[in-house]
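A.B. asks: I have a structure I would like to understand better, so I am pasting it below and will then ask my questions one at a time.
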Amino acid sequence: MNYFVGLIVLLLPSYLIRFEVLGIPTTLLEILIYVAAIITLVKFLIFNFKPCLPAGRFLISRSKFLILKQNKILIPMILFIMAGVISIFIAPDKREALGLFKAYILDPILFYFVLIMNIKTRKDVELIIKLLIISGFIISLHAIWQKFVGQVTSDNRVVGIFGYSPNYLALYLTPIAILVNTYELNIIGFANWRVFNWKLYAKIFPYEISFYIMFIAIWFSGSRAAIAVLILMVLVSFLVKYWEKIIKPSKIYKLSIYFSIVLLMLVAWMFVKPNWQLSSSEGSRITSSNNIRWEIWRTTVRDIIPIDNHWLIGVGLGNYQNYFTELTKDRINFPEWISPNALTPHNVFLNIWVNLGLLGLIAFVWILIIFFRSISSKNMAYRLSLIAMMIAIIAQGMVDSPYWKNDLAVLFWIILALSQIKFNQGDEVE
């Protein structure tokens, strides 16, 4: 069963394979999740009806414990689901809203419980992580191949297997690349970074290669947010690895670190600042992208959220772009340049708010707080990997919507599930 769960992790982009079952649109990823959920449920029920067997009695208590252990996250999870259900009734297109609810809320949460019920040991966790890295590695190789054969967009960017937006490629690869960079610590430990050792380096060499391949693919995607976040998280990882050496020298060393942080913030502002002196047609891709984002943010915050109780209930699941387009149809440059790019508000929190309402936003923030406060593992390097991935998602979420896609939603809940699995230095879950 664990290998089947791992197969799903490996095939997260399989949502691109779409078909219908009894007239209902679905994807290969969705079918795989449902099969895994059914098998997990049947396995639990079988053990539940055979309490006389010693092994069965152990597995029942184990399964119940693993579910009840999630009580901290169950409440915001239920609220998140409720917000999705409410948004279905608000949405003008109920069919589309049901599809989005299924893909972005129901399926990822189902897979969360599949992971919780089946991933029980350190080896299981390592299997999931390695298959996730392999998935990112394969997709990166394909993206790099696209660059060299000239299969790029009009602005010379690669889209990978996703076939629409280069940002989709970057949103998928960035958390995985950061996982590769930080997971090396989990392999050889903090102390062993102090002295170079060929034997230890041989263990992390495949991860080093994977990271560079993913970095190149992200660079070719041209996503400035992904590149900036990746570089920043690599610097943070470097500081964590060598923190003891850094804090011992003089104050000049510390001041240089603070100066670097301020410099990175200034660079980040240079990346996203608008230039209102140039229209979308006159400026470069960067100028156009920045101006469009700022107009989308401003319109969302000023003209959508405060109006007609949208701050409370949102505009309906999947209705954002239609509402935005209708609202701005008479504004200069909006129909031609801005509305076509307003698929989402280009901010993960605004996106949750306008689609799921205030209840959905509260639940989402609550889930994030629980994540950062209650990662179960005693392994510092493992915790660092998960925290770094989540920070990357949030950081990219400041200028994009890293949750609002099938594979990205499942990836988000995979990180949450891994954060709740408590294991010690041995093989068994505590």
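A.B. asks: Stretched out fully, how many nm does the piece from residue 28 to residue 164 gain, at 0.36 nm a residue minus the Cα gap?
C.D. replies: Here the segment from residue 28 to residue 164 would lengthen by 47.1 nm.
A.B. asks: Pulled fully out, how much extra length does the chain show between residue 42 and residue 365, if you take 0.36 nm times their separation in residues and subtract their Cα-Cα distance?
C.D. replies: Numbers: separation 323, 0.36 × 323 = 116.28 nm, distance 3.30 nm.
Computed gain between residue 42 and residue 365 is 113.0 nm.
A.B. asks: Tell me, what is the FRET efficiency for residue 152 and residue 235 to the nearest 0.05, using R0 = 25 angstrom and their Cβ-Cβ distance as r?
C.D. replies: Numbers: r = 29 Å, r/R0 = 1.16.
The pair residue 152/residue 235 has a calculated efficiency of 0.30.
A.B. asks: Can you sort 389, 117, 82 from fewest to most other Cβ atoms within 10 Å of each residue's own Cβ? Walk me through the numbers on the way to the answer.
C.D. replies: On the way: 389 26, 117 22, 82 15.
Starting with the residue having the fewest Cβ neighbours, the order is 82, 117, 389.
A.B. asks: Give me 303, 107 ranked fewest to most by other Cβ atoms within 10 Å of their Cβ, as a rough exposure proxy.
C.D. replies: Numbers: 303 14, 107 24.
Ranking 303, 107 by Cβ neighbours within 10 Å, fewest first, gives 303, 107.
A.B. asks: Follow-up. What relative contact order, as a whole-number percentage, does region 307-424 give when Cα pairs under 8 Å and 6 or more residues apart are counted? Walk me through the numbers before you get to the answer.
C.D. replies: Numbers: 122 pairs, mean separation 34.8, N = 118.
Across region 307-424, relative contact order equals 30 percent.
A.B. asks: Please identify every one of the trypsin sites (Lys or Arg not before Pro) in region 285-325 that sits in a loop by DSSP and has no more than 12 other beta carbons within 10 Å of its own beta carbon.
C.D. replies: none
A.B. asks: Say each of residue 372 and residue 94 gets a label point 7 Å from the Cα, pointing the same way as Cα to Cβ; how far apart are those two points in nm?
C.D. replies: 4.0 nm
Rule-based calculations on the coordinates, nothing more; no lab input. Just so we're clear, the structure is a prediction, and the values are computed from it rather than from any experiment. Quick reminder, even Gly has a Cβ in these numbers, built from the backbone with ideal geometry, and neighbours come from all protein chains shown.
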